[in-house]
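Structure record follows, encoded as structure tokens.
The values are calculated or read from the model by the stated rules, or taken from the named source; none is laboratory data. As the structure is a computational prediction, the values presented were derived from the model and not from experiment. FYI the Cβ positions are ideal-geometry reconstructions off the backbone, even for glycines, and counts take in every protein chain you see. Side chains are part of the model used for accessible areas, which takes the heavy atoms of the whole protein and leaves out ligands, DNA and RNA. Shrake-Rupley method; radii C 1.70, N 1.55, O 1.52, S 1.80 Å.
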Amino acid sequence: MAAPVAAGLAGTALPALRDGAAAFTTLAEWPGLPRAAALSIGTGLASTFISLVLTLLILAAFAGTTTFARIRRMIAPLLSVPHAAAALGLAFLIAPSGWIARTLSPWLTGWDQPPNLLILNDPYGISLTLGLIAKELPFLLLMALAALPQIDADRRLATAATLGYGRLAGFALTTLPALYAQLRLPVYAVLAYGMTVVDMAMILGPSLPPTLSTQIVLWMAEASLMQRDTAAAAALLQCALVLAALGFWRLAEIAGRRLLIAMAFHGQRYAGLDRPAAAAALTATLVTAGSLTLGLAGLALWSVAGLWQFPDALPASLTLRNWATALPSLSTTFSTTLAIATIATLIALALTLACLQAEAQLRLTPTTRALTLLYLPLLVPQVAFLPGLQVIAFSTGVEGHLPAVAAAHLIFVLPYVFLSLAGPFRAWDTRIAISAATMGATESRIFWRLRLPMLLAPVLTACAVGIAVSVGQYLPTLLIGGGRIETLTTEAVALSSGGNRRLIGAYAMLQLAVPALAFAAALALPALIWRNRRAMRGLA
């Protein structure tokens with residue numbers, strides 16, 4: 001993972017530093033630079049902070065309750081929604097001519113025309129921040145759910161309750177320190193992503209000026225080589241901003257730790273905060289899940305809508321003509337998307353299984369440094385090293401070829417596949433392997449005949465996660481594909497600047513369908529294969 005990131009950074013740095021680093025002078029003369037940089041920092045820090053606070057609030061208020069199980073079932077499917085599809089759904093919901101305005105008009109608002117309000121692409125990046133929160137909250141919550149069993153959270157919360165602490169205070173003082181140690185890398189990845197996201201920023205973010213990462217992509221798309229040098233300099237600046245933000249976040253972590261220690265010495269139980277915290281957590285969950293669900297429902301409805309004038313809440317008619325018109329181009333794009341996702345996911349799965357099997361066979365323990373290297377592509381901004389990889393791909397003649405795009409996707413798919421599969425793989429009962437070994441089975445036979453079949457469901461779930469990650473990749477496809485490889489995500493983002501909502505809805509629905517089918521297969525296949533072996537279904 002370090003090699004492509006390092007090569008990409010080197011490839012980005014070389015054009016930025018040539019001619020006495022003249023590109024930095026050109027960049028400094030761009031009048032939109034201060035605002036673009038401020039937007040990147042502001043939206044990234046705000047979305048990460050709010051997502052993390054809401055995640056911890058949900059855990060503190062409901063962990064171990066039946067409500068928490070419902071929240072988990074409600075939030076989990078949202079993780080598979082690609083970022084671009086989530087942004088398009090949110091845009092269809094909150095736009096001046098969106099579903100919310102249509103539902104409230106004209107009986108409440110008096111509007112018989114879409115109001116002249118700058119809700120989407122607002123200059124302060126509020127819509128972009130809300131979109132990022134809606135996507136990152138499910139991710140952080142599921143990462144926290146994976147970490148809770150490792151820190152024995154139930155025992156910690158029970159101990160705090162016996163000492164008279166409220167749920168919120170008990171969680172903060174006994175569980176949060178250990179939990180955050182497990183969450184730190186995912187939080188850093190969310191912060192880096194929030195500051196550098198491009199596809200969501202193109203749909204929801206401001207445009208005059210755009211965020212710095214969006215402006216970098218616009219410069220990269222221009223024919224002038226001078227602008228590419230400027231883009232490379234801006235990419236290095238974006239990387240420095242992310243590092244500065246991570247440093248600021250680290251200082252905030254230290255301040256938060258001291259605050260918790262002071263709270264512990266103070267001895268207050270804070271039981272009165274539990275009810276407001278529960279109400280806030282439940283509201284956050286309903287708003288997040290509701291906005292994404294309604295937005296996706298709006299996309300589905302637009303894809304089959306006939307005449308749908310403002311302020312009608314529903315279309316006058318439904319038709320499949322939109323799908324029939326778009327079918328030829330949709331089928332080609334769908335096939336390309338599926339092929340890239342399949343190649344990247346299968347290679348990531350093979351590498352992950354090989355790594356985990358070697359770890360188990362050699363009794364290795366992954367260090368924090370090794371995990372940091374694995375997650376490096378998620379921590380270093382895409383926009384900082386992908387331009388360098390594009391230069392390398394162009395120099396070697398592989399730019400614009402499907403295998404090269406799949407290889408670029410692999411860089412981002414592998415960490416997520418490893419993250420999904422590592423826990424179940426390590427938790428497998430090794431006594432089964434010992435029993436098999438006493439009967440003469442080799443390590444290879446134990447792996448292929450026992451461990452892998454028993455881990456069928458986690459393996460398929462990891463594959464579904466990998467496919468969902470690959471389908472959502474925008475920047476690797478755009479840059480390494482050289483504009484000649486079109487996927488559902490690149491097409492949906494390109495269409496977002498136009499006004500054809502029906503075509504956007506069709507592309508977004510297919511973008512949703514690929515990961516949804518993968519997750520459905522991950523649930524159905526183990527139940528089908530082990531239909532006569534209840535115990536195996538339980539193990540899976």
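At 1.4 Å probe size, put His401, His266 in order of accessible surface, largest to smallest. Before the final figure, lay out each step's value.
On the way: His401 100, His266 120 Å².
If we order His401, His266 from most to least accessible, we get His266, His401.
In whole Å, what is the distance between the alpha-carbon centres of region 279-320 and region 457-534? Their Cα centres are 20 Å away from one another.
Where the only charges are on Cβ atoms (+1 Lys, Arg; -1 Asp, Glu), what is the dipole of the chain about its Cα centre, to the nearest 20 debye? List each step's numbers first, then the result.
Working: 32 positive and 19 negative charges, 379 e Å.
Computed about the Cα centre, the dipole is about 1820 debye.
Dipole size of region 426-503 about its Cα centre, with +1 on Lys/Arg Cβ and -1 on Asp/Glu Cβ: approximately 160 debye, rounded to the nearest 20.
When you count the other C-beta atoms within 10 angstrom of each residue and take the mean per peptide, 419-425, 259-265, 176-182, 387-393 line up highest first as 387-393, 419-425, 176-182, 259-265.
Placing unit charges on the Cβ atoms of the charged side chains and taking the dipole of the chain about its Cα centre, the candidate lying farthest along the positive direction among Ala407, Pro186, Gly499 is Pro186. Rounded to the nearest Hz, the phi-derived 3J(HN,Hα) couplings of region 435-450 under the Karplus curve 6.51 cos²θ - 1.76 cosθ + 1.60 (θ = phi - 60°) are 4, 5, 5, 5, 9, x, 6, 7, 4, 5, 5, 4, 5, 6, 9, 10, where x marks glycine and proline.
Figure the gain on full extension for Gln309 and Ala271 (residue separation times 0.36 nm, minus the Cα-Cα span) and round it to one decimal in nm. Each step should come with its number before you reach the end.
Details: separation 38, 0.36 × 38 = 13.68 nm, distance 5.14 nm.
That works out to 8.5 nm of additional length.
Annotation: peptides 196-205, 51-60, ranked by per-residue average of other Cβ atoms within 10 Å with the highest first, follow the order 196-205, 51-60.
How much area per residue is accessible in the chain when the probe is 1.4 Å and only protein heavy atoms are counted (Å²)? It would help to have the intermediate numbers written out before the result.
Details: 24500 Å² over 540 residues.
Heavy-atom accessible area per residue stands at 45 Å².
Taking every DSSP helix (H) stretch of at least 4 residues in the chain, weighting each as -39,500 (n - 2.57) and dividing the sum by the residue count yields a mean residue ellipticity at 222 nm of -24500 deg cm²/dmol. Annotation: peptides 151-163, 135-147, 317-329, ranked by per-residue average of other Cβ atoms within 10 Å with the highest first, follow the order 135-147, 151-163, 317-329. Each residue of region 147-157 was assigned a 3J(HN,Hα) from its phi angle through the Karplus expression (A = 6.51, B = -1.76, C = 1.60, θ = phi - 60°), giving 8, 4, x, 6, 10, 6, 5, 4, 5, 5, 5 Hz with x at Gly and Pro.
If I compute solvent accessible area with a 1.4 Å probe over the protein chains, what percent of it on the chain is carbon and sulfur? Before the final figure, lay out each step's value.
Working: 16490 of 24500 Å².
Solvent-exposed carbon and sulfur of the chain make up 67 percent of the total.
Computed over every Cα-Cα pair of region 147-223 and binned at 5 Å starting from 0, the pair-distance distribution P(r) comes out as 3, 14, 16, 12, 9, 7, 8, 9, 9, 6, 4, 1, 1, 0 percent. 3J(HN,Hα) couplings calculated from phi for region 384-394 with the Karplus curve 6.51 cos²θ - 1.76 cosθ + 1.60 (θ = phi - 60°) are, in sequence order, 8, 10, 5, x, x, 5, 5, 4, 5, 4, 5 Hz; Gly and Pro show x.
Match the structure shown to one of the listed values [x] 236; [y] 167; [z] 182 of volume of the Cα convex hull per residue in Å³, computed from it, and give that label. After the calculation, the listed value that fits is [z]. Residues whose amide H falls under 5 Å from that of Ala305, counting only those 5 or more places apart or on a different chain, are Thr319, with hydrogens built in the peptide plane.
Ala427 to Val398: FRET efficiency via 1/(1 + (r/R0)^6), r the Cβ-Cβ distance, R0 30 Å, to the nearest 0.05?
So the FRET efficiency works out to roughly 0.15.
Solvent-free Debye calculation, one equal scatterer per alpha-carbon of region 182-300: log10 I(q)/I(0) at 0.11, 0.17, 0.19 Å⁻¹ equals -0.66, -1.07, -1.14.
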